[in-house]
1. Between Asn76 and Gln112, what is the spin-label point distance in nm, taking each point 7 Å from the Cα along the Cα→C-beta axis?
2. Over segment 1-79, what is the relative contact order in whole percent, taking alpha-carbon pairs under 8 Å and six or more residues apart?
3. In the neighborhood of Tyr118, defined by Cβ-to-Cβ distances under 13 Å, what is the net charge if each Lys or Arg adds +1 and each Asp or Glu adds -1?
4. Which one, Ser78, Leu50, Leu94, is farthest towards the positive end of the dipole of segment 47-128 when Lys and Arg carry +1 and Asp and Glu -1 on their Cβ?
5. Taking the simple approach of a point 7 Å from Cα along Cα-to-Cβ for both Asp10 and Asp53, what is their distance in nm?
6. Can you tell which of Leu27, Asn61, Ile116 lies farthest toward the positive end of the dipole of the chain, using +1 and -1 charges on the Cβ of basic and acidic side chains (Lys, Arg; Asp, Glu)?
7. Just how much of His65 is accessible, in Å², when a 1.4 Å probe is used and the result is rounded to the nearest 10?
8. Could you grab the relative contact order for segment 58-128? Cα pairs under 8 Å, six or more apart, rounded to a whole percent.
Amino acid sequence: QEVASIVKKDKNAKWIGCGNIVIPNFLVSCGASTYNSVNYIPNMDFWKKLDPDGKYKDMYNRYAHIQINLTDNNTNLSLPQADLLVLDLSYKDLPKIGVDYIMSNTELDNSQLEEIYYNQEIRIYHVR
């Protein structure tokens with residue numbers, strides 16, 4: 001209900017789900033414009049922001065579940081299996097992709113994030 005409420009008030013907001021591959025799919029089911037979920041066709045505009053030279057194009061130019069983990073380290077992309085991309089996204093790269101909200105099943109501690117919802121281990125953050 002909280003996601004749907006935010007989406008209703010902020011229709012153009014961009015979301016990411018962190019922690020596992022279920023959260024982003026839940027966001028999509030609530031009507032949230034979500035960068036990561038199951039990508040039948042890769043979102044090349046999104047990937048170009050993180051990989052402007054196309055160095056990792058062979059990894060993300062495919063059908064894949066996209067799992068995002070936020071990190072203080074540099075952004076890194078891995079392909080643990082053919083249909084699973086794991087994006088370790090640096091907090092410093094959040095502005096590059098223009099994300100407004102993050103839903104996570106873990107506590108995120110970064111000055112760019114304001115926790116606006118918490119219930120049963122699910123947290124929603126607004127990106128400042």
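1. The answer from the label model is 1.8 nm.
2. Numbers: 92 pairs, mean separation 24.0, N = 79.
Relative contact order of segment 1-79: 30 percent.
3. Details: positive: Arg123; negative: Glu2, Glu107, Glu114, Glu115, Glu121.
Cβ neighbours under 13 Å give a net charge of -4.
4. Leu50
5. 3.4
6. Working it through, the farthest residue towards the positive pole turns out to be Asn61.
7. Per-residue accessible area (His65): approximately 40 Å².
8. Normalised by residue count, the contact order of segment 58-128 is 23 percent.
The values are calculated or read from the model by the stated rules, or taken from the named source; none is laboratory data. Computed from a predicted model, the values in this text were never measured in an experiment. Positions of Cβ are backbone-derived with ideal geometry, glycine not excepted, and every protein chain shown enters the neighbour counts. The accessibility values were calculated without ligands, DNA or RNA, using every heavy atom of the protein model including side chains. Shrake-Rupley method; radii C 1.70, N 1.55, O 1.52, S 1.80 Å.
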